[in-house]
There are 2 protein chains.
Amino acid sequence: MRSIGVVRSLLADRSEAPRQPDEDAPAAEIVLDDDVCPALVGIEPGDRIELLTWLHLADRSTLSTHPRGDASRPLTGVFATRSPDRPNPVGLHTVTVTAVLGNVVRVDGLEAVDGTPVIDIKPSLGGLGLR
Amino acid sequence: MRSIGVVRSLLADRSEAPRQPDEDAPAAEIVLDDDVCPALVGIEPGDRIELLTWLHLADRSTLSTHPRGDASRPLTGVFATRSPDRPNPVGLHTVTVTAVLGNVVRVDGLEAVDGTPVIDIKPSLGGLGLR
């Protein structure tokens, strides 16, 4: 796997990042590597996309967790949660494109911190239908 | 990134795989590596999950494609399509769990071929709500 770009965000570290995208995550920019820019053709403002990231600050040895960090909840396998701590810390974020400017894609509410590597972008089937 | 398991399916190669999961994809099994089994706790029949795979047969040099292999459609960047051919060929499959038996998770309609490496399992936010 390779990094295809990076998240630029006002979120500086994990303690600031909301746990879910509907919890006041800020707008952010995806700055893509120049060589993959042709793969953006067809992405337009208003599109719903699945942004896949590599959550580089995660603990990859974690196999179970208390959901949402709440110790009163029963210990749960990480595959049944959205915890970033998991064997392969791939972040999956459904966001809306607000602008495409060269190699920069602006999106609304994204809960990934500044500097998070980007690994893929796909159309959201919920929002766009099949292409 | 590491493989956490493998898809076992009647689909032997890409020519047999439907392009979208609603097109008669067969049931399949996800056979997880023993060491990650604790991460399955909480996954139950009926759960909708996002299964992330590594589409190992894909062409990683492809940046644009005719959607759905239809040459009459305009050439489109792969990030605006669900083509498996893309810089990081991560497959994203929303499927329903039908059984969990030790390290084996049975799912309904999955369009990945037999032997596809599995990289992550997450609850589908559309189906389960937030955990």
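Taking the Cβ of A:ALA39 as the center, what net charge do the other residues with Cβ under 12 Å away carry, scoring Lys and Arg +1 and Asp and Glu -1?
-2
Taking each residue in A:111-124, count the Cβ atoms of any other chain within 10 Å of its Cβ, then average. What number comes out? Kindly include the intermediate steps, with their values, before the conclusion.
On the way: counts 0, 0, 0, 0, 0, 0, 0, 1, 4, 10, 7, 10, 6, 1.
Across A:111-124, the average partner-chain Cβ count within 10 Å equals 3.
Among A:LEU55, A:LEU110, A:LEU63, which one moves the most in a GNM of chain A with springs linking Cα atoms closer than 10 Å?
Fluctuation is largest for A:LEU63.
Please label the shape of the protein assembly as shown as rounded, prolate or oblate, based on the square roots a ≥ b ≥ c of the eigenvalues of the alpha-carbon gyration tensor (a/c under 1.5 means rounded; beyond that, a/b larger than b/c means prolate, else oblate).
Judged from the Cα gyration tensor, the protein assembly as shown comes out oblate (a/c at least 1.5, b/c at or above a/b).
Using a 7 Å offset from Cα along the direction of the beta-carbon, what are the separations from B:PRO45 to the same position in each other copy, nm, ascending?
So the distances to the same position in the other copies read 5.0 nm.
Given H placed 1.01 Å from N in the peptide plane, which residues other than close sequence neighbours of A:THR76 have an amide H under 5 Å from its amide H?
Under 5 Å from the amide H of A:THR76 lie the amide H atoms of A:THR65, A:HIS66, each far enough along the sequence or on another chain.
How much length, in nm to one decimal, is gained on full extension between A:SER15 and A:ARG48, taken as 0.36 nm per residue of separation minus their Cα-Cα distance?
Working it through step by step, the gained length comes to 9.2 nm.
With chain B rotated onto chain A, spot the residue of B whose Cβ lies nearest the axis and note the distance in whole Å.
Here the nearest residue and distance are B:MET1, 2.
Between the label point of B:LEU75 and that of the same position in each other copy, find the distances and list them shortest first in nm, with every label point placed 7 Å from Cα along the Cα-to-C-beta direction.
With the label placed 7 Å along Cα→Cβ, B:LEU75 yields 5.5 nm.
Can you check what the net charge comes to around B:ALA99, using other residues whose Cβ is under 12 Å from the Cβ of B:ALA99 (Lys, Arg +1; Asp, Glu -1)?
-3
For region B:1-116, calculate the relative contact order in percent as a whole number, restricting contacts to Cα pairs under 8 Å that are 6 or more residues apart.
Here the relative contact order equals 41 percent.
Do any residues of region A:83-102 lose at least 50 Å² of accessible area when the full set of protein chains is present rather than just their chain alone, and if so which, with a 1.4 Å probe?
A:ASN88, A:VAL90, A:LEU92
In deg cm²/dmol and to the nearest 500, what is the mean residue ellipticity at 222 nm of chain B if only DSSP H runs of at least 4 residues count, each as -39500 (n - 2.57), divided by the residue total?
Working: 1 runs with 4 residues, N = 131.
Helix contribution divided over all residues of chain B: -500 deg cm²/dmol.
Suppose every Lys and Arg Cβ carries +1 and every Asp and Glu Cβ carries -1, with no other charges. What dipole size does the protein assembly as shown come out with about its Cα centre, to the nearest 20 debye?
In debye, rounded to 20, the protein assembly as shown gives about 20.
What is the set of long-range amide H partners of A:ASP120 at a cut-off below 5 Å, with H atoms built 1.01 Å from backbone N?
Counting only residues 5 or more places away or on other chains, the set is A:LEU52.
With the cut-off at 1.5 for a/c, could you classify region B:1-125 from its C-alpha gyration tensor as rounded, prolate or oblate?
Numbers: a/c = 2.10, a/b = 1.82, b/c = 1.16.
It is prolate, given that a/c is not under 1.5 and a/b is the larger ratio.
Please report the carbon-and-sulfur percent of the accessible area for chain B; probe 1.4 Å, protein heavy atoms only, DNA, RNA and ligands left out.
50 percent
Any idea what the dipole of region A:1-94 comes to, in debye rounded to 20, about its Cα centre with Lys/Arg Cβ at +1 and Asp/Glu Cβ at -1?
Magnitude of the dipole: close to 500 debye.
With springs only between Cα atoms under 10 Å apart, run a GNM on chain B and tell me which of B:GLY102, B:GLY77, B:GLY69 wobbles the most.
Taking springs between Cα atoms under 10 Å, the residue moving most is B:GLY69.
For B:70-82, what's the mean count of beta carbons from other chains sitting within 10 Å of each residue's beta carbon?
6
Report, for A:THR98, each distance to the same residue's label point in the other copies, shortest first and in nm; define the point 7 Å along Cα→Cβ.
So the distances to the same position in the other copies read 4.4 nm.
The values are calculated or read from the model by the stated rules, or taken from the named source; none is laboratory data. This is a predicted model, so every value here is computed, not measured. So basically every Cβ, Gly included, is an ideal-geometry build from the backbone, and we count neighbours across all protein chains shown. Ligands, DNA and RNA are stripped out before the accessible areas are found, and what is left, the full protein with its side chains, is counted by its heavy atoms. Shrake-Rupley method; radii C 1.70, N 1.55, O 1.52, S 1.80 Å.
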